[in-house]
Amino acid sequence: MKIHVTDQSGVEHELEGLDGWRTMEVIRDWGLNIKAECGGACSCATCHVYVEDGWFDKLPPPSDDEEDLLYSTLDKKPNSRLSCQILLSDELDGMRVTLAPSAAKDSEAA
């Protein structure tokens, strides 16, 4: 299964993932510029991504915890999600996301 991730520099990467993996794990394990400080516990918002149109509506709604964390970021958009809360499945094969500036390893914004 593949996901397409655009990094903070605008470069698109096609990454191989596995069913049931968190999108954040795939992005991190392929070495892209993502903090992912809490490792997927939905407690830090450092894996913030923008989900492209057509894919956003395929995701389950965010939990209250995820919503609270997203509101704490400085760069939230209507299509913002935490990549640790997006579990890969056949339905998401080919999904496209963009890493938020606040997710960069060298970002001061959270």
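Rule-based calculations on the coordinates, nothing more; no lab input. Given the structure is predicted, the values throughout are model-derived calculations rather than measurements. In this analysis, Cβ positions are derived from the backbone assuming ideal geometry, glycine residues included, and neighbour counts consider all displayed protein chains.
Brief remarks on what is shown
- L15-L74 FRET efficiency (beta carbon distance; Förster radius 22 Å; 0.05 resolution): 0.25
- Normalised by the number of residues in the range 2-95, the mean separation of alpha-carbon contacts (under 8 Å, six or more apart) gives a relative contact order of 36 percent.
- Once the Cβ-Cβ distance of M1 and D65 is raised to the sixth power relative to R0 = 30 Å, the FRET efficiency obtained is 0.70.
- Candidate aspartates and glutamates for bridging to K105, where Cα separation is under 19 Å - those fewer than 8 sequence places away on the same chain excluded: D7, E12, E25, D29, E37, D75
- Under 16 Å from the Cα of K2 - lysines, other chains or at least 8 residues apart: K58
- Ellipticity estimate at 222 nm from DSSP helix runs (n ≥ 4, -39,500 (n - 2.57)) divided over the chain, nearest 500: -3500 deg cm²/dmol
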